[in-house]
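Working notes for the structure below.
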Amino acid sequence: HVVEGAKNNIVEIVRPNSDQIFSAQILKASENFETANQDYAVLRSNIKSENYLRFGTKVENLSLMPVVAAGFPGDVIDSFMVFDSDGTSLETNGLPLFQTNGVINAVQPLKAESRLIMHSAEISQGNSGGPLVNACGEVLAINTFIYNETDVSVRTLNIALHADGIKKFLSEAAISFDQSTQECSPKVITNKVAE
């Protein structure tokens with residue numbers, strides 16, 4: 001849904017902490033979520049990047065796994081604009097990548113071999129299309145939407161589409177991707193100071 005309404009299959013992209021805005025072409029987009037339980041798009045830009053994320057290896061039980069959601073949520077961007085209403089308070093060095101942490105609460109199977117991941121890492125409008133990663137920085141899912149009924153409950157469900165559906169979409173489109181071959185085993189890295 002993020003690329004809906006793109007003119008001539010072109011969208012504008014910004015990198016974290018950069019003022020540079022550049023164009024990207026939509027190579028392939030899925031059907032909409034309501035009909036296909038998919039919400040994916042593959043983009044190509046003419047600016048090369050050496051950085052990329054790999055998919056995590058398949059894990060059967062994801063319950064209570066620590067996760068991090070990353071993206072550019074609209075409420076954070078709006079708060080920056082309010083804080084800097086006269087244009088003198090914030091340095092202009094682009095938007096920071098906003099990250100929140102949480103755990104996976106549940107995995108719900110869908111039709112067409114898809115699954116939803118419900119998690120507690122806060123997301124909001126603008127996080128759509130951003131990754132949900134494990135403690136090793138490997139993609140487990142793509143954040144897609146939130147579910148909130150304010151008149152019934154104050155609880156908000158943060159929902160992502162499981163990586164299995166994304167990998168199937170990429171494979172059917174003959175688009176290569178990288179996947180970890182080992183289960184995530186995070187380690188604490190310390191800086192030893194020579195005495």
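The values are calculated or read from the model by the stated rules, or taken from the named source; none is laboratory data. Quantities reported herein were computed from a predicted structural model and do not represent experimental measurements. For neighbour counting, all protein chains shown are included, and Cβ atoms are generated from backbone atoms with ideal geometry for every residue, glycine included. These accessible areas exclude ligands, DNA and RNA; they are computed on the full protein's heavy atoms, side chains included. Shrake-Rupley method; radii C 1.70, N 1.55, O 1.52, S 1.80 Å.
Before moving on, here are some points about what is shown:
- Packing-based ranking, highest mean first, of 64-71, 39-46 given that Cβ atoms within 10 Å are counted: 64-71, 39-46
- Residues with amide H under 5 Å from that of R115, placed H, sequence gap 5 or more: L110, H162, G165
- Packing, taken as the mean count of other beta carbons within 10 Å per residue, orders the peptides 21-34, 47-60, 122-135 from highest to lowest as 122-135, 21-34, 47-60.
- In this structure R15 has an accessible area near 80 Å², from a 1.4 Å probe over the protein heavy atoms.
- For L43, distant residues with modelled amide H under 5 Å away: L27
- Near Q38, the amide H atoms lying under 5 Å from its own belong to F33; only residues 5 or more places off or on other chains count, and H is placed 1.01 Å from N.
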